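So the structure is just underneath, and the comments pick up after that.
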Amino acid sequence: MKAQPLLKIGAVTALLMGLFSAYYYGQTPHPYQFTEVRFCPTTANKRKFGKYYNKPAKSQSVLDNKYCRFKYRLLTEVWKSRQFNDVVSLPDGAFITNDLAPSENPSLWLLVAPAFVWMGYYCWAAKDEIDNESSFQRLEYFKTAIKRQGLITRTERDLQSHESERIKDKHKKDIDRRADNLLVQERYISLEELQQQYQRQSELEDLQFSNTKKQFAVADSVADKSIAENRRDKRKADAENINPSNEKVSAPQGTTAQELIQLLKNHEGGWLWDVIESTKPVWVLGGQGSGKSSFAASVVMCRKAIFDWNITSIVDAHGHKNRAKAWKLLIPLEPELIGERNDYLAIGEAMDEAVQRWSDRTENDTPIQTLWDELTQLSLQDDCKESVKKFVRHSLTDVRKAAEYLVCISHAFTNAASGNAEGFNDLRQSETIQIKRKSKNGRVPLNHAEISGLYDDDGNLIESKRVTVPDWFYPDSLLRFISAR
């Protein structure tokens, strides 16, 4: 509290000194040569007749009061130029001059004045801060005192109420005891009957106490059951790790291929990087709404961003529907869209051409990518089911030496999806990478999946492994890497 008056005095003093400094700076002479001039004409009233003619001293006094008492400051060079003689010629004796030597301008006052003003402002601001803090502390003390007083009052009231109930219960028991003694004395009831009533009342109280304990036990059991169910649901939700597709996914940082490779390698032991660089066909499996198409498109985009492998074709019977959504970021890469509007004959021809292409190309050719969708349905169409059987069989053995990287989409990797080709079950497990995705209610994809077809550090085939798909492994998030390339 003692600092506040000092700060107030300091603020006022600094402000006044700043004003005085500014005023003094405005009153200081300029650093130029000045001449102070007074026009003092001599009276001509020295004749013997007329008014004031016989009073020259008085006439001279009137002239002095009218002209000579005013002083004018002119630059010396202006005064010496005698510019006023061009208008009217005046004798030199009519002027009284005084040369004013130049003096240096103390410019320091120009800096001192704002400094004092700032000092005054700072002192006043410090005082206001102390005032605000003090007011806040007083308010907090007041609130604390109110709460403390309320707590004390409420505690005293509860104690008084409890004491009153205890005294009332004691009085009631005393009255009942006296009444019972009076009934026994007057022989309205025998002592044995009274003791039996006491015994029955005690048994009833014990029974009520036992029932109350059971009620509490039931309530505790219900609460424990609810807690157990909540924990079970939480563990289930954590295990599923639900990530609705309509939530905003976080985009990865960086734009270079090396940064994308580092992201892929750092995620869960690098299984995503193993998928991207593998020469095996990648089969993305799952039901509706499980995120198969977005995962397949992400694999294609990563390979394009890292290795610059072009996607030459997208074979999709529903391509006319998916080009605006599932393949919207692949269309700018200029792939050939084959089989739109359920053109299964064109799809069969594309599969036959792919088999022929694999026999013609070598592993030294420029790598290319192709994407094949809805293989489950294709194996059921008469126009292409034989082509599907041959396509799947050759894809398990020929694509690596043809430098072609396949991404296939199906609901499940069954005999139906492979065109009912027989004798290739072991090859399907060892020569393909299968990512099985799931959805919640057929609409929301879950971010966990099961993968098979990779190898562990000891070279053993991984038949099934639970993995999670990161939020950034999504076409919209990966677009920046292709744009940078």
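Summary table
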{"item": "Residue match in segment 286-297 (condition: over 14 Å from GLU374 (Cα atoms) and basic (Lys, Arg))", "result": "no"}
{"item": "Residue pairs meeting the criteria (Cβ under 6 Å; at least 6 apart or on separate chains; first part of a helix (DSSP H, G or I), in segment 333-356; second small (Gly, Ala, Ser))", "result": "ALA346/GLY339; ILE347/GLY339; GLY348/SER387; MET351/SER387; ASP352/SER387"}
{"item": "Single residue of segment 318-339 satisfying the filter (of a type in the set (A, V, I, L, M, F, W, C) and at pLDDT below 90) that is farthest from LEU478 (Cα to Cα)", "result": "ALA324"}
{"item": "Filter result (out of contact with any helix residue (DSSP H, G or I) (no Cβ under 6 Å at 6 or more places or on another chain), crowded, with 16+ Cβ neighbours inside 10 Å and over 15 Å from VAL284 (Cβ atoms)) within segment 355-376", "result": "ARG357, PRO367, ILE368"}
{"item": "Candidate set from segment 255-283 (those that are aliphatic (A, V, I, L, M), within 14 Å of ARG303 (Cβ to Cβ) and at pLDDT 90 or above); member that is surrounded by the fewest Cβ atoms within 10 Å (Cβ to Cβ)", "result": "ILE261"}
{"item": "Which listed residue is at positive phi and of a type outside the set (A, V, I, L, M, F, W, C), from GLU374, GLU363, GLU404, GLU386", "result": "GLU374"}
{"item": "Selected residue (criterion: farthest from the chain's Cα centre (by Cα)) from residues of segment 18-42 that are modelled with pLDDT of 75 or more and among the hydrophobic types (A, V, I, L, M, F, W, C)", "result": "CYS40"}
{"item": "Qualifying residue in segment 369-376 (condition: in a helix (DSSP H, G or I), closer than 23 Å to PHE295 by Cα and at pLDDT 90 or above)", "result": "no"}
{"item": "Residues within segment 206-238 that are open to solvent by 100 Å² or more (accessible area, probe 1.4 Å) and of a type in the set (D, E, K, R), tallied", "result": "8"}
{"item": "Some residue of segment 79-86 being surrounded by 13 or more Cβ atoms within 10 Å (Cβ to Cβ) and either touching a strand residue (DSSP E or B) at 6+ places or on another chain (Cβ under 6 Å) or modelled with pLDDT of 75 or more (or both)", "result": "yes"}
{"item": "Segment 432-447, residues that are within 14 Å of LEU285 (Cβ to Cβ) and of a type outside the set (D, E, K, R)", "result": "THR432, ILE433, GLN434, ILE435, SER439, PRO445, LEU446"}
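The values are calculated or read from the model by the stated rules, or taken from the named source; none is laboratory data. As the structure is a computational prediction, the values presented were derived from the model and not from experiment. Counting neighbours? That spans all protein chains shown, and the Cβs are built from the backbone with ideal geometry, glycine included. SASA here: full protein model, heavy atoms, side chains in, ligands and nucleic acids out. Shrake-Rupley method; radii C 1.70, N 1.55, O 1.52, S 1.80 Å.
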